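As C-alpha cells, the structure follows; a few thoughts come after it.
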Amino acid sequence: MILVTGGAGFIGANFVLDWIATEGTPVVNLDKLTYAGNPDNLASLRGDARHIFVKGDINDRALVASLLQQHQPSAIVHLAAESHVDRSIHAPGEFVQTNVVGTFSLLEEARAYWGALTEPAKSQFRFLHVSTDEVYGSLGPADPAFSELTAYAPNSPYAASKAASDHLVRAYHHTYGLPTITTNCSNNYGPFQFPEKLIPLMIRNALEQKPLPVYGDGQQIRDWLHVTDHCAGIRTALHKGRIGETYNIGGNSEKTNLDVVHTLCAILDDALPSHAPHAKLIAYVKDRPGHDRRYAINATKMKNELAWSPAEPFESGLRKTVAWYLSHQEWVNNVTSGAYRNWVETNYANRGTA
Ligand code: NAD
Ligand code: DAU
C-alpha cells in the first residue's frame, strides 16, 4: 500500500495507472480535485479494489493523519501541487498554500506516522517528493545541463514554491531523519495533460482552428520527457534511490517551443489533411513575464546509480500523444468547459502580439 497525493492530475493519474499495472499493490489516492484534478482520468480503475480514492486537501492534517493510521502505507509519493507557471504569475497565493504549506503539513504528518512505526516498517518507509527542474532557474545556450549540484535559482512564483518545498523535504531528512527522496524532472507530455500546458493547448487550439499562441520569439528550450518515462523514474527512485538524495529526471530531448509547435502541426497535417497547413495558425504573442530561456537535465545520476533512462523518443511520443487527444475529444471537451474559458480569457485575451 502506498499513499499518492495529486493522483487525479496529469502525472499523478499516469503514475497511479502505471503503479497498479506494474506493481499491482494498492494505492490510496488523496486529491483535492482542483480544476486540474479529474476522476475520469482513473475511470479504467473503477471497481478495482486496489485504487482507493479520497477527495481531500493535503493541508487537512486530521484527514492525512487518519489515512496514514488506517492504511499504514509503506511510502508517500507526493505529487499534489499547483503546477502551471502562468497561473502562478496571475495568482501566486494558492501556490504558496498548496506547494509550500501543503508540503509542510504532509511532512509533519509523515514524521509523526513514521516516528511511531516499528521495524521493519520504519526502515522500509519512504517519502518521495516529486519536484521540477524549474527550481534551478534558466540556462544560457552554452551552459551545461542542470545536475543535482546546480544551485537553486527559481524565477517564477511556481518555481519558488517548489524550491521551498524541496528545501523543507531536505530539512526533514537532515533534522529528523525522515527517509526522503526528491526527484527533479523536466517537462512532461502525454495523455491526460490539462490543456493549459503548451502541447495539449496547441493540439486543442489547432483542432478548433484557433491561433497557436507562441510566447515571445518561441526560441525558449525545454527538455521533453514522456510521462510514462517519468512514472518509471519515480518508481525506480522509490525502490532503489538512496535516502536523503535528490535525482534529476530528464528526456535528453531539448527542443525550442517553435520546433515543438511545428512538429505538432506536421503531425496534425498528416492526421487531418483537410485543415493543412496547421502552421498557418501560429501567432506570436507577448512573452511570459520572467520567462526562463532554457531548461536541460543531466540525468547521469539516474542512469549510473539506478539504471534508469528514458525509453520513448520525442517524435514517436508526440505522435502517440496527438493520437490520444484526437481519440479523447470528449475528455478535452469535459475539462475545458466552464472555468477553463475564464482562464483562457485571463491569460490570452489582453496579451497582444509579440
Ligand atoms: P497537475 O496540475 O496536472 O495535477 C496536480 C494535482 O494535484 C491535481 O489533481 C490537483 O487536484 C491536485 N491538488 C492540487 N492541490 C491539492 C491539494 N491542496 N491537496 C490535494 N491535492 C491537490 O500537475 P502535474 O503536471 O501532474 O504535476 C504533478 C507534480 O509533478 C507537481 O508536483 C509538479 O510540480 C511536478 N512536475 C510536473 C512536471 C510537468 O511537466 N507537468 C514536471 C516536473 C515536475
Ligand atoms: O520543467 C518542468 C515544468 O514544466 C513543470 O514543473 C511545470 O509544472 C510544467 O507546467 C512545465 O512548465 P513550463 O512553463 O515549461 O510548461 P508550459 O507547458 O506552460 O510551457 C512550455 C513552454 O511553452 C514555455 O516556454 C512557455 C511556452 N508557451 C506555453 C503556453 C501555455 C507558449 O509559448 N505558449 C503557451 O500558450
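The values are calculated or read from the model by the stated rules, or taken from the named source; none is laboratory data. Treat the numbers as computed from the prediction; the structure is a model and nothing was measured. Note: ideal-geometry Cβ built from the backbone for every residue, glycine included; neighbour counts use all protein chains shown. Surface accessibility is based on the protein's heavy atoms, side chains included, excluding ligands, DNA and RNA. Shrake-Rupley method; radii C 1.70, N 1.55, O 1.52, S 1.80 Å.
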Stokes-Einstein diffusion coefficient of the range 1-156, Kirkwood radius over Cα pairs, 10 °C, 1.306 mPa s, in µm²/s: 95
If contacts are Cα pairs under 8 angstrom and at least 6 residues apart, what is the relative contact order of the range 1-153 in percent? 23
For the range 299-354, just say rounded, prolate or oblate: build the C-alpha gyration tensor, square-root its eigenvalues into a ≥ b ≥ c, call rounded for a/c under 1.5, and beyond that prolate if a/b exceeds b/c, oblate if not. prolate
Efficiency of FRET between K303 and T256 - r from beta-carbon atoms, R0 30 angstrom, step 0.05: 0.75
Could you tell me what % of all Cα pairs in the range 1-54 have separations over 19 Å? 12
What do you get for trypsin sites (Lys or Arg not before Pro) in the range 1-59 restricted to DSSP loop and a cutoff of at most 15 other Cβ within 10 Å of the site's Cβ? R46, R50
Arrange the residues R293, R204 by how much accessible surface each exposes, largest first, with a 1.4 angstrom probe. R293, R204
Simple spin-label estimate for K210/Y35, 7 Å along Cα→Cβ, in nm, reads 1.2
Value in Å of the Kirkwood radius, where the range 190-299 supplies the Cα pairs that are averaged: 15.7
Starting from the Cα-Cα distance between D269 and N333, subtract it from 0.36 nm times their residue separation and give me the gain in nm to one decimal. 20.9 nm
Compute the length gained on full extension between A276 and V101: take 0.36 nm times their separation in residues and subtract their Cα-Cα distance, giving the result in nm to one decimal. 58.3 nm
Could you provide, to the nearest whole Å², the per residue accessible area of the range 1-126 with probe 1.4 Å? 39
Taking the DSSP beta bridges in the chain as the whole, what percent of them are antiparallel, to the nearest 5? 10
Of all C-alpha pairs within the range 240-315, those more than 20 angstrom apart amount in percent to 55
Angle in degrees between helix 10-22 and the longest Cα principal axis of the chain, rounded to the nearest 10: 60
Dividing the alpha-carbon Rg of the range 73-213 by 2.2 N^0.38 Å yields what? 1.22
Probe 1.4 Å, heavy atoms of protein chains only: per residue, the accessible area of the range 296-338 in Å² is 50
Give the shape of the chain as rounded, prolate or oblate, defined through the alpha-carbon gyration tensor: a ≥ b ≥ c are the square roots of its eigenvalues, a/c under 1.5 means rounded, and otherwise the shape is prolate if a/b is larger than b/c and oblate if not. prolate
Can you say what percent of the DSSP beta bridges in the range 118-273, counting only those with both residues inside, are antiparallel? Round to 5. 20
Between N342 and T175, what length in nm is gained on full extension when 0.36 nm per residue of separation is reduced by their alpha carbon distance? 55.8 nm
Surpassing 23 Å at the alpha-carbon level, of the pairs K197/K286; K55/K240; K122/K303; K162/K301, are K55/K240; K122/K303
Once you place label points 7 Å from the Cα toward the Cβ at R46 and S316, how far apart are they in nm? 3.3
Yeah, the range 35-125 with a ≥ b ≥ c from its alpha-carbon gyration tensor (a/c under 1.5 is rounded, else prolate when a/b outruns b/c, oblate otherwise) is oblate
Please compute the Cα-Cα pair-distance distribution of the range 159-211 with 5 Å bins starting at 0, giving whole percents from short to long. 4, 16, 16, 13, 12, 10, 10, 8, 5, 3, 2
So for the pair Q70, L149, with labels modelled 7 Å out along Cα→Cβ, what separation do we get in nm? 4.7
Taking the Cα centre of each part, how many Å lie between the range 339-354 and the range 132-182? 30
